[in-house]
Amino acid sequence: MENGSVMERAVFNRAVERMNSGGDEQSDCGVQEPLKVEMKIQKRVTATSVRMWRFLLVAAFIVPTATELVDSVSDCAEFLLNKRPPQIPGILEGGTIQNQNRYKVICQTFMDQRRFLTLYDIKKRIPVFSAYKYKGEQDKGRPKTPWRTEPQLEERNDNMRDDQYINQASNADYKTDNKQRYNRGHLFPVSHAFNTDDKKSTFTLTNIVPQAVTFNGGSWEKMESCTKCALQEYCHINNGDPEGFVVTGARPSESNTLNNRVNIPSMLWTAFCCRIRNTNRWLASAHWGDNIAEYGSKYLQTKSLAQLHQELSSVGSAFEAFPGKECPLHTNVAEFHTEDGKQCQCHR
């Protein structure tokens, strides 16, 4: 006990006082035996201390690190093809954010590891896009994990509630849709994430938009399966591992909102690009769809990058999903299927 902590000494002293006042650590004749008492107390204190240190050690490893809010897209460029960000008219041009007070770069970090990139609109309270690198799927399934928000987007204090977020959506916003027309739509989908921690990292509301329920679980989900199949089938690096770059975003509506706070986008879009395995050829495709309720079985047509660029460009400013010369503009994976006879349920 001479080298014990202050806490251990305090526990020991309280135990001795308890026994001196008539506790149960007595001999058969009712006389205290100090040496035996101290040995028993010391064993109890040591066991308590070990249990506490085990708890602290485990806790140190299970607490995720907060997401990184960075100043520039270039500070989290490892999730972009050749580290070049998309060109988004009026928002992100030439790699420069046009309004840094409104658009925030989030390097999505979970368990001390960067997982993907999000550009977030704090006025509309939805992401502009999320960009990630597809690496295959090591761990299957959808993990059970809570939805998270990003404290770095807020000037908060410990007394603030979840429904008091100013610059982002909260769970409370999604619970106000009593008719259940919209649910949480991932931009970086769980099914495209590599391992369990990658999958958990996608459950942040900064990676989510209000998406029409039947659209989310209908043609959009089928498109995610098509894209995943194509990435897995054709996109590999030299060691044989899958690798492809994906950017998925949302076009805000003019005035449609959830809970009078969170913009409900009018359209969602996505594009991928990769080098085809064992060749010097590149493959790219795009999809987009209106964020409205669907009736019956529908599919999103597989489009080329040029078609997506035309859809999202504005007068005087061009949209580009993957700036550079690598990604083909006028072909898509549905046409590639015709060449080799394989199918990934990608519809032309």
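Values computed for the structure shown
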item: Residue in the range 308-328 that is of a type in the set (A, V, I, L, M) and over 20 Å from Ile91 (Cα atoms) present; result: no
item: Pairs with Cβ under 6 Å, 6+ apart, first in the range 254-272 and on the phi > 0 side of the Ramachandran plot, second charged (D, E, K, R) and surrounded by 15 or more Cβ atoms within 10 Å (Cβ to Cβ); result: Asn259/Asp173
item: Filter result (in contact (Cβ under 8 Å) with a residue 12 or more places away in the chain and in a loop (DSSP other than H, G, I, E, B)) within the range 282-315; result: Asn291, Ile292, Ala293, Glu294, Tyr295, Ser297, Lys298, Tyr299, Leu300, Thr302, Ser304, Ser313
item: Matching residues, the range 246-268, being under 20 Å from Phe188 (Cβ atoms) and out of contact with any helix residue (DSSP H, G or I) (no Cβ under 6 Å at 6 or more places or on another chain); result: Val246, Val247, Thr248, Gly249, Ala250, Arg251, Pro252, Asn263, Ile264, Pro265, Met267, Leu268
item: Residue match in the range 109-131 (condition: among the aliphatic types (A, V, I, L, M) and either at pLDDT below 95 or not in a strand (DSSP E or B) (or both)); result: yes
item: For Asn82: the one exception among (1) assigned to a helix (DSSP H, G or I); (2) more than 19 Å from Phe272 (Cβ to Cβ); (3) at pLDDT 95 or above; result: (2)
item: Selection within the range 152-170 - at pLDDT below 60 and of a type in the set (A, V, I, L, M); result: Met160
item: Test: residue in the range 201-213 that is at pLDDT 95 or above and either over 18 Å from the mean Cα position of the chain (by Cα) or at positive phi (or both); result: yes
item: Number of positions in the range 191-224 that are more than 18 Å from Pro242 (Cβ to Cβ), polar (S, T, N, Q) and in a helix (DSSP H, G or I); result: 6
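So that you can scan it fast, the table gives a plain yes or no per residue for (1) in contact with a Ser or Thr (Cβ under 7 Å, 6 or more places away or on another chain); (2) surrounded by fewer than 20 Cβ atoms within 10 Å (Cβ to Cβ); (3) under 22 Å from Thr331 (Cα atoms):
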residue	(1), (2), (3)
Ser225	no, yes, yes
Asn238	no, yes, no
Gly244	no, no, yes
Asn263	yes, no, no
Ile276	no, yes, yes
Ala284	no, no, yes
Asn291	yes, no, no
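The values are calculated or read from the model by the stated rules, or taken from the named source; none is laboratory data. Computed from a predicted model, the values in this text were never measured in an experiment. Quick reminder, even Gly has a Cβ in these numbers, built from the backbone with ideal geometry, and neighbours come from all protein chains shown.
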